[in-house]
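Novice: Below: one structure in structure tokens.
The values are calculated or read from the model by the stated rules, or taken from the named source; none is laboratory data. Since we're looking at a predicted model, the values are computed, not measured. Cβ sites come from the backbone with ideal geometry, for glycine too, and all protein chains shown count toward neighbours. SASA here: full protein model, heavy atoms, side chains in, ligands and nucleic acids out. Shrake-Rupley method; radii C 1.70, N 1.55, O 1.52, S 1.80 Å.
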Amino acid sequence: MSNPGVTTQVMQWVETRLPIFSFINHSVGTEYPTPRNLNYWWSLGSIAGVALVLQIVTGIVLAMHYVPHADMAFDSVEHIMRDVNYGWMLRYMHANGASLFFVAVYIHMFRGLYFGSYKAPRELLWWFGILIFLAMMATAFMGYVLPWGQMSFWGATVITNMFTAIPVVGEAVTTWLWGGYSVAGPTLQRFFSLHYLLPFVIFALMFLHLWALHTSKSNNPLGIDVKSEKDTLPFHPYFTTKDLVGFGVFFVILAYWVFFNPNYMGHPDNYIPANPLVTPPHIVPEWYFLPFYAILRAVPDKLGGVVLMLGAILILFVIPWLDTSRVRSATFRPVYKGFFWIFVVNGLVLGWIGANPPEGAYIIIGRIATAYYFAHFILVMPIVGWFEKPKPLPDSIAAAVLGDDSAKEAN
Amino acid sequence: MTTTTPEGGHEDGATRRDFLYIATGAMSVVGAGLFVWPLVDQMNPSADVLALASTELDLSAIEEGQAVTVMWRGKPVFVRHRTAEEIATAKTDDSAALPDIALDSDRVQKAEWLILIGVCTHLGCVPLGQKSTEVKGEYGGWFCPCHGSHYDTSGRIRKGPAPKNLGVPPYVFLDDSHIRIG
């Protein structure tokens with residue numbers, strides 16, 4: 001057997017019938033060439049994968065104790081917190097794990113934006129990433145409804161009411177989503193069903209994401225193509241080890257939130273059972289939705305707000321064509337680099353606006369930040385790419401990383 | 001360890017890197033184990049289930065010859081106020097051919113109170129014989145309708161496929177007329 005990973009007779013027996021070992025080896029092993037200059041920003045993809053697995057594992061065990069019924073859901077969550085062995089830990093892992101999953105994915109997305117990872121030939125790879133992000137948002141939203149506290153109930157009410165903005169059929173669609181005339185038991189039960197389903201959809205999308213990745217291979221901080229073997233290192237052991245360091249950091253951060261500050265990212269109101277007659281004075285979504293929530297509220301029109309909020313994500317699908325620069329990495333784009341960081345700050349401003357009540361200066365700032373969000377994609381990306389003079393690109397990854405001499409030696 | 005070897009202590013070819021691999025691997029196994037245990041343990045009985053692990057019962061209302069069934073840990077427990085005749089039969093049968101040998105005196109704390117787990121030791125059905133209208137089997141105790149096991153007035157298996165006598169739960173007499181099971 002020519003495959004280096006297949007060493008024992010048992011492995012060979014399996015390999016000839018199902019080439020699982022060479023598959024693994026070509027995916028994450030010594031046979032997968034990876035640009036040798038990947039930095040730690042490239043660890044966030046595998047960290048997001050670990051976060052997804054953690055969510056599925058903790059979610060499956062939580063579902064063994066949770067009761068998706070309007071009369072029992074809240075109490076069953078308290079039962080998990082108080083009575084189930086390690087239930088508090090598993091629930092806090094699941095709740096804080098969701099937040100960290102979003103942290104990892106947001107960093108992963110900004111990394112893609114900075115280093116031009118969405119550009120040819122990685123457009124489909126980028127698209128699957130956006131689909132994963134959309135599926136994550138749906139999953140997280142429905143998961144937040146399940147404890148059936150005040151924030152669950154009113155968050156669900158506000159979000160599902162967005163569908164009433166659809167012209168003509170809006171009311172009918174919303175009634176259909178609810179299974180009634182308001183958010184109630186039937187809504188909770190279908191959300192539970194879908195909340196259990198969607199992570200597996202995300203898992204499948206992640207496979208397509210990885211399939212596309214392994215076809216076009218990883219982008220890298222220089223944004224230039226791999227030209228020779230000298231530019232790469234085998235994924236194992238170099239990047240398996242590097243990713244493990246990232247996993248370690250991820251678990252340490254997760255442990256901090258779970259064991260020392262588990263409710264920081266939640267809302268106290270969600271420890272009050274859902275009450276359809278009383279709306280909490282200040283409804284805010286989970287932090288990872290705040291920038292989009294700010295965009296929703298920036299528009300003084302119901303349908304307009306919903307369309308813009310959805311558009312804020314859908315516009316990501318077309319950025320491979322909006323960005324006119326032929327240089328991928330912002331490292332070599334002096335003008336765009338500045339705009340990138342303005343965009344990051346603008347995103348944080350939107351998040352801050354989303355967390356505050358829609359009144360006074362918050363409205364004005366929210367509108368400016370929303371306008372800038374779209375301007376970044378519609379104006380900055382095409383125009384800067386057109387007039388900007390990029391810095392000279394290195395000849396090869398090896399030349400830039402190892403110095404010109406050793407790169408020549410290799411050739 | 002203390003042997004000095006050339007080239008910095010690689011006597012058997014082991015290197016610093018091998019040590020790091022093994023240390024990292026061992027640490028990962030410990031970490032994985034620490035994470036897996038909560039995943040396993042969450043399926044064990046929760047605190048509210050454990051809180052229901054004992055059942056108290058007032059015996060004063062049970063007349064001689066009557067029997068009641070109470071729930072203990074999700075299972076029926078048979079409490080029978082035996083008649084003098086039933087006690088006598090049970091003691092006589094101590095010397096009968098018993099598949100699962102046990103003395104009646106070892107199965108009760110007070111001869112008139114027979115307290116048993118009402119689950120057939122064959123495949124877990126609940127035997128008949130608690131109500132006066134039910135079949136009590138050939139030995140006057142209980143009869144399991146699922147596969148035809150006969151239990152006597154001490155709850156011992158006498159005939160049929162069940163391998164063991166009906167179990168005796170742990171219980172204490174709190175006073176003359178109150179017991180706590182579990």
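Novice: Answer yes or no as to whether A:Gly49 is within 23 Å of the chain's Cα centre (by Cα), buried (at least 18 other Cβ atoms within 10 Å of the Cβ), in contact (Cβ under 8 Å) with a residue 40 or more places away in the chain and within 14 Å of chain B (Cβ to nearest Cβ). Outline the logic, then answer.
Specialist: Numbers: within 23 Å of the chain's Cα centre (by Cα): yes; buried (at least 18 other Cβ atoms within 10 Å of the Cβ): yes; in contact (Cβ under 8 Å) with a residue 40 or more places away in the chain: yes; within 14 Å of chain B (Cβ to nearest Cβ): no.
Considered against the rule, which asks whether it is within 23 Å of the chain's Cα centre (by Cα), buried (at least 18 other Cβ atoms within 10 Å of the Cβ), in contact (Cβ under 8 Å) with a residue 40 or more places away in the chain and within 14 Å of chain B (Cβ to nearest Cβ), A:Gly49 comes out as no.
Novice: Then there is this: Which number in (1) more than 14 Å from chain B (Cβ to nearest Cβ); (2) in a helix (DSSP H, G or I); (3) of a type in the set (Val, Ile, Thr); (4) surrounded by fewer than 19 Cβ atoms within 10 Å (Cβ to Cβ) marks the one condition that A:Val105 misses?
Specialist: (4)
Novice: Which of (1) open to solvent by 30 Å² or more (accessible area, probe 1.4 Å); (2) touching a strand residue (DSSP E or B) at 6+ places or on another chain (Cβ under 9 Å) does A:Asp231 not meet, given it meets every other one?
Specialist: Unmet condition: (1).
Novice: Would the range A:217-227 turn up any residue that is of a type outside the set (Lys, Arg) and in a helix (DSSP H, G or I)? Write out each step before concluding.
Specialist: We begin by selecting, within the range A:217-227, every residue of a type outside the set (Lys, Arg); these are A:218-226.
Next, from what is left, pick out any that are in a helix (DSSP H, G or I): none.
No, that holds for no residue.
Novice: Does A:Phe317 qualify as being open to solvent by less than 50 Å² (accessible area, probe 1.4 Å), under 26 Å from A:Leu134 (Cβ atoms) and in contact (Cβ under 8 Å) with a residue 60 or more places away in the chain? Show your work before the answer.
Specialist: On the way: open to solvent by less than 50 Å² (accessible area, probe 1.4 Å): yes; under 26 Å from A:Leu134 (Cβ atoms): yes; in contact (Cβ under 8 Å) with a residue 60 or more places away in the chain: yes.
Answer is yes for this residue.
Novice: If the requirement is being surrounded by fewer than 18 Cβ atoms within 10 Å (Cβ to Cβ), touching a residue at least 12 places away in the same chain (Cβ under 8 Å), out of contact with any Gly (no Cβ under 8 Å at 6 or more places or on another chain) and assigned to a loop (DSSP other than H, G, I, E, B), which of these qualifies: A:Thr279, A:Thr324? Talk me through it step by step, then tell me what you get.
Specialist: Details: A:Thr324 fails: out of contact with any Gly (no Cβ under 8 Å at 6 or more places or on another chain).
Being surrounded by fewer than 18 Cβ atoms within 10 Å (Cβ to Cβ), touching a residue at least 12 places away in the same chain (Cβ under 8 Å), out of contact with any Gly (no Cβ under 8 Å at 6 or more places or on another chain) and assigned to a loop (DSSP other than H, G, I, E, B) holds for just one of A:Thr279, A:Thr324, which is A:Thr279.
Novice: Hey, another quick one. Counting just the residues of the range B:18-51 that are exposed (fewer than 12 other Cβ atoms within 10 Å of the Cβ) and in contact with an Asp or Glu (Cβ under 9 Å, 6 or more places away or on another chain), which one comes out nearest to the other protein chains (Cβ to nearest Cβ)?
Specialist: Filtering the range B:18-51 for residues that are exposed (fewer than 12 other Cβ atoms within 10 Å of the Cβ) and in contact with an Asp or Glu (Cβ under 9 Å, 6 or more places away or on another chain), the one nearest to the other protein chains (Cβ to nearest Cβ) comes out as B:Asp48.
Novice: Of the residues A:Tyr86, A:Tyr92, only one is of a type in the set (Phe, Trp, Tyr), within 14 Å of another protein chain (Cβ to nearest Cβ) and crowded, with 20+ Cβ neighbours inside 10 Å; which?
Specialist: Values: A:Tyr86 fails: crowded, with 20+ Cβ neighbours inside 10 Å.
Exactly one residue qualifies, and that residue is A:Tyr92.
Novice: Does A:Thr8 count as outside the structural domain of A:Phe203 (by TED's automatic domain parsing) and either hydrophobic (A, V, I, L, M, F, W, C) or open to solvent by 50 Å² or more (accessible area, probe 1.4 Å) (or both)?
Specialist: Yes.
Residue by residue, here is whether (1) touching a helix residue (DSSP H, G or I) at 6+ places or on another chain (Cβ under 7 Å); (2) outside the structural domain of A:Val145 (by TED's automatic domain parsing); (3) at pLDDT 95 or above; (4) among the aliphatic types (A, V, I, L, M) holds:
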{"position": "A:Ile56", "(1), (2), (3), (4)": "yes, no, yes, yes"}
{"position": "A:Leu62", "(1), (2), (3), (4)": "yes, no, yes, yes"}
{"position": "A:Tyr66", "(1), (2), (3), (4)": "yes, no, yes, no"}
{"position": "A:Asp83", "(1), (2), (3), (4)": "yes, no, yes, no"}
{"position": "A:Trp88", "(1), (2), (3), (4)": "yes, no, yes, no"}
{"position": "A:Arg91", "(1), (2), (3), (4)": "yes, no, yes, no"}
{"position": "A:His94", "(1), (2), (3), (4)": "yes, no, yes, no"}
{"position": "A:Tyr106", "(1), (2), (3), (4)": "no, no, yes, no"}
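Novice: Given A:Leu290, A:Leu303, A:Leu316, A:Leu296, which one is under 30 Å from A:Glu388 (Cβ atoms) and in a helix (DSSP H, G or I)? Walk me through it before giving the result.
Specialist: Values: A:Leu290 fails: under 30 Å from A:Glu388 (Cβ atoms); A:Leu303 fails: under 30 Å from A:Glu388 (Cβ atoms); A:Leu296 fails: under 30 Å from A:Glu388 (Cβ atoms).
Within the list A:Leu290, A:Leu303, A:Leu316, A:Leu296, the selection yields A:Leu316.
Novice: For the range B:71-182, give me every one of the strands (runs of 3 or more DSSP E) that falls completely inside it and has 2 or more residues that are closer than 30 Å to B:Pro45 by Cα and in contact (Cβ under 8 Å) with a residue 12 or more places away in the chain.
Specialist: Details: elements: B:75-81, B:113-117, B:140-144, B:149-152, B:157-159, B:171-175, B:178-181.
Filter on the range B:71-182 gives B:75-81, B:113-117, B:171-175, B:178-181.
Novice: Based on what the data block shows, is A:Ala73 more than 15 Å from the chain's Cα centre (by Cα) and either in contact (Cβ under 8 Å) with a residue 12 or more places away in the chain or farther than 30 Å from A:Arg328 by Cβ (or both)?
Specialist: yes
Novice: Oh, and also: The conditions are (1) open to solvent by less than 40 Å² (accessible area, probe 1.4 Å); (2) aliphatic (A, V, I, L, M); (3) assigned to a loop (DSSP other than H, G, I, E, B), and A:Ala255 fails exactly one of them. Which is it?
Specialist: (3) is the only condition that A:Ala255 fails.
Novice: Still on this structure, please answer the following. Of all residues in the range A:20-34, how many are open to solvent by less than 30 Å² (accessible area, probe 1.4 Å) and in contact with an Asp or Glu (Cβ under 6 Å, 6 or more places away or on another chain)? Reasoning before the result, please.
Specialist: Just the residues of the range A:20-34 that are open to solvent by less than 30 Å² (accessible area, probe 1.4 Å), to begin with: A:22, A:25, A:27, A:29, A:32, A:34.
Those left that are additionally in contact with an Asp or Glu (Cβ under 6 Å, 6 or more places away or on another chain): A:25.
Going through the range A:20-34 one residue at a time, the tally reaches 1.
Novice: Collect the residues in the range A:64-74 that are away from chain B (no Cβ under 11 Å) and either out of contact with any strand residue (DSSP E or B) (no Cβ under 8 Å at 6 or more places or on another chain) or part of a loop (DSSP other than H, G, I, E, B) (or both), keeping them in residue-number order. Show your work before the answer.
Specialist: Residues of the range A:64-74 that are away from chain B (no Cβ under 11 Å), as a first pass: A:66-74.
The answer is A:Tyr66, A:Val67, A:Pro68, A:His69, A:Ala70, A:Asp71, A:Met72, A:Ala73.
Novice: Let me ask something else about it. In the range A:114-146, how many are more than 30 Å from A:Gly185 (Cα to Cα) and open to solvent by 10 Å² or more (accessible area, probe 1.4 Å)? Don't jump to the end; show me each part of the working.
Specialist: The first filter runs over the range A:114-146 and keeps only residues more than 30 Å from A:Gly185 (Cα to Cα), leaving A:114-130.
Checking which are open to solvent by 10 Å² or more (accessible area, probe 1.4 Å) leaves us with A:114-115, A:117, A:119-129.
Selection size over the range A:114-146: 14.
Novice: Hey, another quick one. Among the residues of the range A:175-228, how many are touching a strand residue (DSSP E or B) at 6+ places or on another chain (Cβ under 7 Å) and either open to solvent by less than 30 Å² (accessible area, probe 1.4 Å) or not assigned by TED's automatic domain parsing to the domain that holds A:Pro273 (or both)?
Specialist: 2
Novice: Additional query: Go through (1) within 23 Å of B:Leu174 (Cα to Cα); (2) small (Gly, Ala, Ser); (3) surrounded by 15 or more Cβ atoms within 10 Å (Cβ to Cβ) and name the single condition B:Ala102 misses.
Specialist: B:Ala102 satisfies all of (1) within 23 Å of B:Leu174 (Cα to Cα); (2) small (Gly, Ala, Ser); (3) surrounded by 15 or more Cβ atoms within 10 Å (Cβ to Cβ) except (1).
Novice: How do the pairs read when you match residues in the range A:392-411 that are of a type in the set (A, V, I, L, M) and assigned to a loop (DSSP other than H, G, I, E, B) with residues anywhere that are surrounded by 13 or more Cβ atoms within 10 Å (Cβ to Cβ) and at pLDDT 90 or above, using Cβ under 9 Å and keeping only pairs 6 or more apart or on different chains?
Specialist: Within 9 Å, the pairs are A:Leu393/A:Leu222; A:Leu393/A:Gly223; A:Leu393/A:Ile224; A:Leu393/A:Val327; A:Leu393/A:Ser329; A:Leu393/A:Phe332; A:Leu393/A:Ala400.
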